[in-house]
Amino acid sequence: MSETVNFMNMCMICHEDKVVVMDRKSQDWPGITFPGGKVEYGESFIDSVIREVKEETALNISTPQLCGIKHWMKDNQRHLVFFYKTKEYEGKLISSEEGEVWWERLDNLSSLDLAPDMLDMVRVFTEDQISEFHYRMEGDKWISNLK
């Protein structure tokens, strides 16, 4: 059985003990998160995350490393987010219409108004033994799993 898939990405850009965060203005998933977005038709996943980071932060990243995934089923479609991280970037951080961006200490993220489940996602980015964040419906309730 085949399924329709919606591909997205997210990138944790690191510099010493800080990461780039974004206060998303989108109503579908507001809050503080890492930059990222949708993969365009025919685009490579690496090119997509580089483009999305540039659009949302004005930074030119290089050598993004795949470090995990997040996925869930909704409306008969799988939504799959590739998680990348990098320490390689050039340019000056500039906010976009997507939201304000800034450098934040990684250990301070829990005190911010984060997007839903962002702390669990940070674990996928930072803990080598976790590479998957999966949501599933049980009855009318979402259940999440880190693996």
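Coordinate-derived values only; no laboratory data. The structure displayed is predicted, hence computed values, not measured ones. Counting neighbours? That spans all protein chains shown, and the Cβs are built from the backbone with ideal geometry, glycine included.
Just a few scattered comments:
- For Met73, net neighbour charge (Lys/Arg +1, Asp/Glu -1) across residues whose Cβ lies under 9 Å away: +1
- Segment 88-147 and segment 1-47: distance between their alpha carbon centers, rounded to Å: 10
- Taking every alpha-carbon pair under 8 Å whose residues sit at least 6 apart, the chain reaches a relative contact order of 27 percent.
- Angle between the chain longest axis and helix 45-57 axis [Cα atoms, degrees, rounded to 10]: 50
- Rg followed by Dmax, in Å, when the chain is reduced to its Cα trace: 14.9, 47
- Phi angles across segment 69-76 convert, under the Karplus curve 6.51 cos²θ - 1.76 cosθ + 1.60 with θ = phi - 60°, into 3J(HN,Hα) values of 9, 10, 8, 7, 9, 7, 6, 6 Hz, Gly and Pro given as x.
- Backbone amide hydrogens, once placed in the peptide plane, bring Glu132 within less than 5 Å of Ile69, Lys147, excluding anything fewer than 5 places away on its chain.
- Exposure proxy for Glu127, Glu16: other Cβ atoms within 10 Å of each Cβ, ordered fewest to most, give Glu16, Glu127.
- Sparse-neighbour loop sites [GluC sites (Glu not before Pro); segment 84-122; at most 12 other C-beta within 10 Å; DSSP]: Glu97
- Above-threshold pairs, the threshold being 23 Å between Cα atoms, out of Lys38/Lys70; Lys70/Lys92; Lys38/Lys74: Lys70/Lys92
- Evaluating 6.51 cos²θ - 1.76 cosθ + 1.60 at θ = phi - 60° for every residue in segment 77-89, the Karplus couplings come out as 9, 8, 10, 10, 10, 8, 9, 10, 9, 7, 10, 9, 7 Hz, glycine and proline recorded as x.
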